[in-house]
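Asks: Just dropping this structure here.
The values are calculated or read from the model by the stated rules, or taken from the named source; none is laboratory data. Please read these numbers as outputs of a predicted model, since none were measured by experiment. No Cβ is skipped: glycine too gets one built from the backbone with ideal geometry, and neighbour counts run over all protein chains shown. These area figures cover heavy atoms from the full protein model, side chains too; ligands, DNA and RNA do not enter into them. Shrake-Rupley method; radii C 1.70, N 1.55, O 1.52, S 1.80 Å.
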Amino acid sequence: MREGSLEAPTRHPIDWQSADYYDEAKLDAEMRRVLDICHGCRRCFNLCDSFPRLFDLVDNSKNGELDTVDSKDFKPVVDACTLCDMCYMTKCPYVPPHEFNLDFPHLMLRYRAVEANRDGVKLKDRALAATDFNGGIATVVSGLANWATDADNKAARGVLNSLLGLNPEAALPKYAGKTLEAEAQANPPQRAENAPAKGRKAIVYATCYGNFNDTSIGKAALAVLARNGVETKVLHPHCCGMPKLEQGLIGEVADSAKLVAESFAPYIAEGWDIVALVPSCALMLKFEWPLILPRDENVKRLAAATFDLSEYVVDIARKEGLAEGLKPLDGGVAFHVSCHSRAQNMGQKGADLLRLAPQMDLTVIERCSGHGGAWGCKGSNFETALKVGKPAARQIAGAGKKYMVSECPLAGMHLAQGVERMESDAPKPELVSHPIELLARAYGE
Ligand code: SF4
Ligand code: SF4
């Protein structure tokens, strides 16, 4: 729930196909209108680095008002936005249907779309956003890819860092030797007979991270769903486009949306649910794609059929009841609610999922990790990302639990780096990639 408002936020379709959207004078007028409201409000002062940059700009201007700030100085404000959606979802009382009609993240997106349209996107940023393409190659040569991307490999990382603008200390995701799709085909999960959810059929949308990087999330999901009788298939027709959205490449995101929605359409027509393994990707399918392609029927049907992974398992628990066999986990869990889980407006489904294990000792942390996808791995962003994520990392370290987990695996990795830097002799918690893995362990999988 947002502060100061009882109404649910609504979002307008993104007008990216109109010429007006890219009109720089109109964009500047909208930036000035919105930033001036934010300057007067300042509720979001501690959410990220965008707002402090904005407020410093205004406070250091000639008259302390926005009208003496040069428009070219807005760029660092935009660059600091990770599109986490937290200002929109949790703070802003002026989002539609309020007459101010304020959508700060989508305004940052428009600024980037105008830049991308005018100047193109740098090759290194394009390379980082090509998660599908990179994953397809890197899984074939995963040993080499993991050697070259390891932060301890100073020589190889030095080359990569200068080519791609990465921070030398930022941990990068490892690549799997076999994709989740291939693993699931080679070892199809064995469904339990007479299990409570045996009528359900779920397409597991592997997502780039779940398919190419960390297949443990998908394997745990398949094991839990099979134990509960759900028929599953793992598919990854294409990336959801979130990394390209961060670059303002909205047309390319629309292409991904059309392709994936068309691939899933026949399954949805046959009654399959769609379950996305990573919250940012679920957010794209459920909310961003319908705003980008509001008239595409396949996209609309896909949005209605899509579940976040935690949401799906909790839905089974509520409607059919989970299969028996869950045992308590020793040591407790510090659970981070990722921004893109919160942005799905579904409640704390990851925490609900963990509480399905008996006697769960849970600490829930609802602060931004600061990571923001590829954003937090780049140059000076990494230190900013650690600073933004410090309150969450401190809460995790202070919780004294055996495990730490975020629904967003990249946020989890980043928070683990923050926890590692905390000055404390206390043992560090074990990082787990997703709450579903702990539920699978509670089942003895
Ligand atoms: S979307 Fe997130 S990063 Fe961007 S301005 Fe809002 S709170 Fe900050
Ligand atoms: S986004 Fe909304 S809540 Fe945040 S500073 Fe701006 S006007 Fe205030």
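Asks: Calculate the FRET efficiency for Lys62 and Leu123 from the Cβ-Cβ distance with a Förster distance of 41 Å, rounded to the nearest 0.05.
Replies: My answer for the efficiency is 0.60.
Asks: Expressed as a whole percentage, what fraction of the accessible surface of region 19-119 belongs to carbon and sulfur atoms when a 1.4 Å probe is rolled over the protein heavy atoms? Kindly include the intermediate steps, with their values, before the conclusion.
Replies: Details: 2230 of 4470 Å².
Accessible surface attributable to carbon and sulfur in region 19-119 totals 50 percent.
Asks: OK, next. Leaving out ligands and nucleic acids, and using a 1.4 Å probe, what accessible area per residue does the chain come to in Å²?
Replies: That works out to 43 Å² for each residue.
Asks: With the cut-off at 43 Å, report for the chain the share of all Cα pairs above it, as a whole percent.
Replies: The calculated P(r) of the chain puts 11 percent of pairs beyond 43 Å.
Asks: Quick check: convex hull over the Cα atoms of region 352-445, volume per residue in Å³, rounded to an integer?
Replies: Output value, Cα hull per residue: 93 Å³.
Asks: Which residue fluctuates most in the GNM of the chain (Cα springs below 10 Å): Gly120, Gly347, Gly40?
Replies: Judging by the Gaussian network model, the answer is Gly40.
Asks: Okay, moving on. Farthest toward the dipole's positive end in region 123-164, which of Ser142, Leu163, Ala127, given Cβ charges of +1 (Lys, Arg) and -1 (Asp, Glu) about the Cα centre?
Replies: Result: Leu163, furthest along the dipole toward the positive end.
Asks: Which three extents, in whole angstrom, do the alpha-carbon atoms of region 123-164 cover along their principal axes, largest first?
Replies: 26, 23, 10
Asks: Tell me the Kirkwood radius of region 267-420: reciprocal of the mean inverse pair distance over distinct alpha-carbon atoms, in Å.
Replies: Numbers: mean 1/r = 0.0597 Å⁻¹.
Result for region 267-420 stands at 16.8 Å.
Asks: Ignoring ligands, DNA and RNA, please state the percent of accessible area on region 235-308 from carbon and sulfur, probe 1.4 Å.
Replies: The value for region 235-308 is 53 percent carbon and sulfur by accessible area.
Asks: Calculate the dipole size of region 19-119 relative to its Cα centre from +1 charges on Lys and Arg beta carbons and -1 charges on Asp and Glu beta carbons; express the result in debye to the nearest 20. Before the final figure, lay out each step's value.
Replies: Values: 13 positive and 19 negative charges, 48 e Å.
That gives a dipole near 240 debye.
Asks: Based solely on C-alpha atoms, express the radius of gyration and the Dmax of region 19-119 in angstrom.
Replies: Calculated on Cα positions, Rg and Dmax stand at 12.9, 35 Å.
Asks: Right, another one. Given the options Gly325, Gly400, Gly135, which has the most mean-square fluctuation in a GNM of the chain, springs set between C-alpha atoms less than 10 angstrom apart?
Replies: In this elastic network of the chain, the residue with the biggest mean-square fluctuation among Gly325, Gly400, Gly135 is Gly325.
Asks: When the Kirkwood radius is taken over all Cα pairs of region 180-319, what Stokes-Einstein diffusion coefficient follows at 37 °C and 0.692 mPa s, in µm²/s? Show your work: numbers first, answer last.
Replies: Numbers: Rh = 15.1 Å.
Taking Rh from Cα pairs, D becomes 218 µm²/s.
Asks: Moving to a separate point now. Using a 1.4 angstrom probe on heavy atoms only, work out the carbon and sulfur share of the accessible area of region 333-442 in %.
Replies: 47 percent
Asks: Using 13 Å as the cut-off for backbone N distance, which residues of region 196-230 belong to the label zone defined by a point 7 Å from the Cα of Glu324 along Cα→Cβ?
Replies: Residues passing the 13 Å test: 196.
Asks: Pick out, from Leu356, Pro97, Ala303, the residue whose Cα sits farthest towards the positive end of the charge dipole of the chain, with +1 on the Cβ of Lys and Arg and -1 on the Cβ of Asp and Glu.
Replies: Leu356
Asks: With θ taken as phi - 60° and the coefficients 6.51, -1.76 and 1.60, list the Karplus ³J(HN,Hα) couplings across region 178-194 in order, rounded to whole Hz; mark glycine and proline as x.
Replies: 9, 5, 4, 4, 5, 4, 5, 5, 6, 10, x, x, 8, 6, 6, 6, 6
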